[in-house]
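Beneath this line is the structure, given in structure tokens, with notes to follow.
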Amino acid sequence: MSIWDWYYVWEALPFLYRGAVITVQATLIGFAIALVLGLIFALIRQSNNRIVNNAMAETVEFIRSTPLLLQIFFVYFVGPQFGIVIPAWVAGIGVLGIHYAAYCSEVYRAGIEAVDGGQWEASIALNLSRARTWRVIILPQAIPPIVPGLGNYFIGMFKDTPILAAIAILEMLQQAKNFGAENYRYIEAITMAGFFYLVFSLIASVIVQAVSYWLNRRYHLQ
Amino acid sequence: MSEFALGFSVAALTKGVLITILITLGASLVAIVFGLVVGLLRVSPRRPVRWFGVAYIEFFRGTSMLVQLYWWFFVLPIFGITMSPWTVAIVGVGMNVSGYGAELVRAAIQGVERGQYEASIALNFPRLTMMRRIILPQAIRAMLPAWGNLLIELLKGTSLIFFITITELTTAAKLAADATGNYLLFFAIALFGYYFIARLMITPLVRWLERRLGRAYSREALA
Amino acid sequence: MSEPMVRFENVTKRYGSLTVLDELNLDIERNEKVSIIGPSGSGKTTVLRMLMTLEKINDGVIWVEGEPMTHEQKNGSMVPASDRHLRRVRGKIGMVFQHFNLFPHMTALQNCIEAPVSVLGLGKQEAEQRAAELLDMVGLADKKGHFPIQLSGGQKQRVAIARALAMRPKVMLFDEVTSALDPELVGEVLNVIRQLGAEHDLTMLMVTHQMGFAKEFSDRVCFFYGGKIAEQGSPDQLFNDPQEERTRQFLSAVLEAG
């Protein structure tokens, strides 16, 4: 028996493909949630109300200090205890999104705080409403520079999707592992899964750079 | 909830916490040592050495931690290397995090002001002495806060050991919850367990180190 | 002993297509004090940085005490210097920087003993004693245990001078050492340099914007323009009777600015 057998590579491909579709879907939906929710978290943190501000900060801190796996368990299993059944998909991707929203909110916050204070003063002097100041003055300046930071979490989330296997979502790595268990051959399937994560990370970082470049030009920040 | 189940669960959780702390300590040691060494290789003046550093960092950061754990656990035995789950946990989690750590080390070393390198050349330091006495002490101080965050990521990463059969905190909570049916209680306890390890052990330790190493940089501390 | 302390022979330095120094020829005699003046971008700082081996040169040879620094003899031909050769010749040269570059994690005294101990191999006690003497000389005997953040700019620069002297260089390079200082602190640093020139056998090469000091202190002043020495001579001649139009323009602009 050779160490690396191409036969198993071809055999494993359909499994991996099915898993990869789930993995990519979970990442895209999860990250969309993280982007929107993260921004909301960040805006709440800018509140002038000390209590709201601190509560948000503590919540973000808590989410960031506890494992994603345990958070997924919490949401998926605690609901049924009280008669609320949440589908694995919703629980898994929802928690993925919330977990990374906490990280993204810190990135947004850094971007918002980096905008020159004079921009707020100028907006007040021009009598712009608060909402409009956020939308057309502050955020267009705050977000383009932080795209690389957000992009890192996009890639990070992708690499965290295997955790979904714990609540029986058959993403790519679980498919690879199942294939390995069925055939008593782990090396090809798991190595290929690892390879795919690496390739995706590299491609994603190129895309993130392109988006960053485009946004910065679009808003003339470079 | 029966008393037996409760007693069993409390014992399991306590053991889970201890195992999580032990693996976190062991993996941190691996991550710090490998991160420091590879970070230094990454800034070596020799190109092949530097490339090795790049490959190491990209490999461990680019492939998922769980993939790496499976690799250690399921694939390596094919080559006749069988490691105990404990070894896999400590080495697997530690090596994965060391990729991120090496990148922190690289960034901190390259972030030391150019003038420090120039003064070292002007004073004729050999490269190793310059690194050891001048550059690293400054770089280490600069990278400490980032290491604090990274070690919390490491702590969270140890929960993935769930998948390779060690009953650490997450697994213990799951077992206790399954046994008693009280998911809210045990998962909440476990969540706070992690939170306290992160905020009452890791963060204060790193802050203390920051203060110690940062003494020379603060007028107030010197006064 | 007629050979110069330092000789630049047809030295050229380019950054990409930009030529910063164009076939520089310059001899500096033993114990000579030479000031380099000129507009920014004229290549004057590059002269010091090349001599300190902080910049590689593209062409030509730099000699120190009759020995090639940038090159070494190997099988009868000149090849670019190895690291070992560089380190040996570099020991003759010390440098003080515009932005001090003190080691922030070390006290003034530690700054001055680190290199003597780990590079020259001096015993700790001997190094400490010598460092203390030097700090005393620059007027900072009472600041030995202070960290850089606790010192004023002028004090930092004086520690930097002591640190460079602790390596017993034969040539001292001063790169705009007062440019980063508040005006009222310039004097204390210049006084130390003045004293150094009077009491020690040192070849000194300084890039400076302090025309008054250059005039009073130097044996020779070189005016750099566009990567070349446009004019050089005694301070008296260069400042009072410049021959070149560019020198006159530069001097009148500088003097007007005050």
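P(r) tail for the stretch B:86-170, what percent of Cα pairs lie past 19 Å?
Numbers: 1849 of 3570 pairs.
Cα-Cα pairs in the stretch B:86-170 separated by more than 19 Å: 52 percent.
Sorted by packing (mean other beta-carbon atoms within 10 Å per residue), highest first, where do C:185-191, A:93-99 land? Working shown, then result.
Details: C:185-191: 18.1, A:93-99: 23.1.
Output ranking for C:185-191, A:93-99: A:93-99, C:185-191.
Where the convex hull is taken over the Cα atoms of chain C, what is its projected area averaged over directions, in nm²? Write down the numbers at each step before the final one.
Details: hull surface 60.4 nm².
If you wrap the Cα atoms of chain C in a convex hull and average its projections, you get 15.1 nm².
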Completion exercise
FRET efficiency (residue C:10, residue C:67; Cβ distance; R0 22 Å; to 0.05) is 0.80
Handout entry: Under-5 Å amide H pairs with residue C:12, H placed in peptide plane, nonlocal only
Key = C:23, C:24, C:58, C:59, C:60
Exercise for the section: Could you pull out every one of the lysines with an alpha carbon less than 30 Å from that of residue C:143, ignoring same-chain neighbours closer than 8 positions? Expected result: C:33, C:92, C:124, C:156, C:170
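Output the direction-averaged projected area (hull surface divided by four) of the convex hull of the alpha-carbon atoms of the stretch C:76-190, in nm². List each step's numbers first, then the result.
Values: hull surface 33.3 nm².
Averaged projected area of the stretch C:76-190's Cα convex hull equals 8.3 nm².
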Fill in the blank from the handout: Sorted by chain and then number, the residues having a modelled amide H within less than 5 Å of the amide H of residue C:36, at least 5 places away or on another chain, are C:206, C:207, C:208, C:222
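Rounded to whole Å and sorted largest first, what semi-axes of the equivalent ellipsoid does the C-alpha gyration tensor of chain A yield via the square root of 5 times each eigenvalue?
Semi-axis lengths for chain A are 40, 23, 11 Å.
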Practice task
Please give the direction-averaged projected area of the C-alpha convex hull for the stretch B:92-223, in square nanometres with one decimal.
Solution key: 10.7
Fill in the blank from the handout: Rounded to the nearest 10 degrees, the helix B:136-157 long axis (Cα) sits at an angle to the longest Cα principal axis of chain B of 20
Practice task
Pop a pseudo-label 7 angstrom from the Cα along the beta-carbon direction at both residue A:25 and residue C:3 and give the gap in nm to one decimal.
Solution key: 8.0
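More than 22 Å apart: what percent of Cα pairs in the stretch B:10-114 qualify?
On the way: 2191 of 5460 pairs.
Here the tail beyond 22 Å accounts for 40 percent of pairs.
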Practice task
Summarise the partner chain shielding of B:127-133 as one whole number: the mean count of Cβ atoms from other chains within 10 Å of each residue's Cβ.
Solution key: 3
Exercise for the section: Pop a pseudo-label 7 angstrom from the Cα along the beta-carbon direction at both residue B:208 and residue B:184 and give the gap in nm to one decimal. Expected result: 3.8
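Largest first and in whole Å, what are the equivalent-ellipsoid semi-axes of the stretch C:27-130 based on the Cα gyration tensor, each being the root of 5 times an eigenvalue?
Working: eigenvalues 152, 88, 34 Å².
Gyration-tensor ellipsoid for the stretch C:27-130: 28, 21, 13 Å.
For residue C:234 and residue C:88, FRET efficiency with R0 = 25 Å and r from the beta-carbon atoms, rounded to 0.05?
Working: r = 34 Å, r/R0 = 1.36.
FRET efficiency, residue C:88 to residue C:234: 0.15.
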Practice task
Sum -39500 (n - 2.57) across every DSSP H segment of at least 4 residues in chain C, then divide by the residue count to get the 222 nm mean residue ellipticity, nearest 500.
Solution key: -11500 deg cm²/dmol
Exercise for the section: Mind checking which of B:121, B:65, B:164 is farthest towards the positive end of the stretch B:3-222's charge dipole, using Cβ charges of +1 (Lys, Arg) and -1 (Asp, Glu) about the Cα centre? Expected result: B:121
Exercise for the section: Just grab the label-to-label distance for residue B:3 and residue C:18, each label 7 Å out from Cα along the Cβ direction, in nm (one decimal). Expected result: 8.4
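Which whole-number percent is the relative contact order of the stretch B:103-178 (Cα, under 8 Å, 6+ apart)?
Details: 32 pairs, mean separation 22.5, N = 76.
Worked out over the stretch B:103-178, it gives 30 percent.
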Practice task
Once you have the Kirkwood Rh of the stretch B:3-222 from its Cα pairs, apply Stokes-Einstein at 25 °C and 0.890 mPa s and quote D in µm²/s.
Solution key: 127
Problem - Phi-based couplings in Hz for the stretch A:109-114 (Karplus 6.51, -1.76, 1.60; Gly and Pro marked x) - result: 4, 4, x, 5, 6, 7
Practice task
Could you run the Karplus curve 6.51 cos²θ - 1.76 cosθ + 1.60 with θ = phi - 60° over the stretch A:24-40 and give me ³J(HN,Hα) per residue in whole Hz, x for Gly and Pro?
Solution key: 5, 4, 4, 5, 5, 5, x, 6, 4, 4, 4, 5, 6, 5, x, 5, 4
Exercise for the section: Run the numbers on chain A and let me know its relative contact order in percent, using alpha-carbon pairs under 8 Å that are six or more apart. Expected result: 31
Fill in the blank from the handout: With R₀ set to 45 angstrom, the calculated FRET efficiency between the beta-carbons of residue B:37 and residue A:85, to the nearest 0.05, is 0.35
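How much space per residue, in cubic angstrom, does the convex hull of the C-alpha atoms of the stretch C:44-102 take up? Can you show the working numbers first?
Working: hull volume 5.8 nm³, N = 59.
Once divided by residue count, the hull of the stretch C:44-102 is 98 Å³.
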Problem - Amide H contacts of residue C:71 (H built 1.01 Å from N, under 5 Å, at least 5 apart or other chain) - result: C:62, C:81
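So what is the diffusion coefficient of the protein assembly as shown in µm² per second by Stokes-Einstein at 10 °C and 1.306 mPa s, using a Kirkwood Rh over Cα pairs?
On the way: Rh = 30.0 Å.
Estimated diffusion coefficient is 53 µm²/s.
So for the stretch C:29-128, averaging the separation of alpha carbon pairs under 8 Å that are six or more residues apart and normalising by length, what relative contact order in percent results?
Working: 56 pairs, mean separation 13.1, N = 100.
After rounding, I find 13 percent.
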Problem - the protein assembly as shown, dipole about Cα centre (Lys/Arg Cβ +1, Asp/Glu Cβ -1), debye to the nearest 20 - result: 1120
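All of the numbers you see were taken from the coordinates with simple rules; none came from a lab. Quick caveat, the model's predicted, so the values are computed rather than measured. Counting neighbours? That spans all protein chains shown, and the Cβs are built from the backbone with ideal geometry, glycine included.
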